[in-house]
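The values are calculated or read from the model by the stated rules, or taken from the named source; none is laboratory data. Owing to the predicted nature of the structure, the values given are computational and were not obtained by experimental measurement. Positions of Cβ are generated from backbone atoms using ideal geometry, with glycine treated the same way; all protein chains shown enter the neighbour counts. With ligands, DNA and RNA removed, areas are computed over all heavy atoms of the protein, side chains included. Shrake-Rupley method; radii C 1.70, N 1.55, O 1.52, S 1.80 Å.
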Amino acid sequence: TAPARDRLRIAIQKNGRLAEPARSLLTACGLSWRQSRDKLFCYGESLPVDLLLVRDDDIPGLIADGVCDFGIVGRNELDEQGAARRRIGLPDAYQALRGLNFGQCRLMLAVPEEWEWTGVEQLAGKRIATSYPAILADWLAARGVDAQVVELSGSVEIAPRLGTADLICDLVSSGATLAANQLKPVETLLESEAVLAGPVRTPDDARAGLMAMLLRRLDGVVNVQD
Ligand code: ATP
Ligand code: ZN
């Protein structure tokens, strides 16, 4: 078990789509930090709540390892790493505690525009490029479809044109990227948004009170936003 701590640590994305909205949300909850915008670690001033600025991919693991207590990350990333853990028999190590009303997107299957989409049976024997192999594999298995999952870390949308896959499974918000690559969305695997992620069990020290207080403040702030 991780050692007791009396300060809370929250991991947020350093750069990218969720970085600014996550920081603004925490600021609206009354948190502030010593000037350290370009650092990995920001020391909490108004409360004993420190920030870790990291890649979004690292956030679920930081919570699983007890390095951070909370994280702000896309449900897509949290679910993917959770599904990947389950596939290799590891226990659940984090959970989504609150939806945060930003970072909305969908994980979707998209096929070449000229395909006439008739349903998932069409996927049998096809190669699907994705950065979400565990979510996709679970989704296919639940539908009894035998397709090949091709894992790519980026530029998934060009895979059909390159011939490395027949279709893709990727995040979509406006659909402009798909259209630019002559692809069209056909199925939604996941409706995603940024979430506050936390551990499965609340730590048994001073952090418990801080976590409860932050959740209360968050509920006030997120609920008045819309
Ligand atoms: P990092 O350097 O932290 O790994 P990244 O490239 O993985 O960054 P971003 O592109 O900044 O991440 O996306 C972060 C999150 O924003 C996504 O995981 C997703 O939850 C959300 N998001 C919202 N809209 C989109 C979109 N159109 N494409 C990709 N992600 C989106
Ligand atoms: Zn990432």
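A few points about this structure:
- Each residue in region 171-185 was checked for being open to solvent by less than 30 Å² (accessible area, probe 1.4 Å) and touching a strand residue (DSSP E or B) at 6+ places or on another chain (Cβ under 7 Å), and 4 of them qualify.
- The single residue among A2, A64, A22 that is open to solvent by less than 10 Å² (accessible area, probe 1.4 Å) and under 26 Å from R85 (Cα atoms) turns out to be A22.
- A Cβ distance below 8 Å, combined with a sequence gap of six or more or placement on separate chains, defines the contacts here; from region 42-55, residues that are farther than 9 Å from A11 by Cα and part of a strand (DSSP E or B) reach residues that are more than 16 Å from ligand 1 (Cβ to nearest atom) and of a type in the set (G, A, S) in the pairs C42/S36; G44/S32.
- Count - residues of region 1-41 that are of a type outside the set (G, A, S) and in a helix (DSSP H, G or I): 6
- Candidates are the residues of region 25-48 that are open to solvent by 40 Å² or more (accessible area, probe 1.4 Å) and within 23 Å of the chain's Cα centre (by Cα); the one that is modelled with the lowest pLDDT is R37.
- The set of residues from region 148-170 being surrounded by fewer than 17 Cβ atoms within 10 Å (Cβ to Cβ), in contact with a Ser or Thr (Cβ under 9 Å, 6 or more places away or on another chain) and assigned to a loop (DSSP other than H, G, I, E, B) comprises S153, G154.
- From the options V149, V120, V67, residue that is over 19 Å from A194 (Cβ atoms), away from ligand 1 (no atom under 16 Å from the Cβ) and in contact with a Pro (Cβ under 8 Å, 6 or more places away or on another chain): V149
- Taking residues in region 104-123 that are β-branched (V, I, T), and partners anywhere that are open to solvent by 90 Å² or more (accessible area, probe 1.4 Å), the pairs with Cβ atoms closer than 6 Å and at least 6 places apart or on different chains are V120/R143.
- Hey, A212 open to solvent by less than 50 Å² (accessible area, probe 1.4 Å), free of Cβ contacts under 8 Å to residues at least 24 places away in the same chain and either closer than 25 Å to Q13 by Cα or among the β-branched types (V, I, T) (or both) or not: yes
- Selection from region 186-209 of residues that are surrounded by fewer than 17 Cβ atoms within 10 Å (Cβ to Cβ) and either part of a helix (DSSP H, G or I) or hydroxyl-bearing (S, T, Y) (or both): T188, T202, A208, G209
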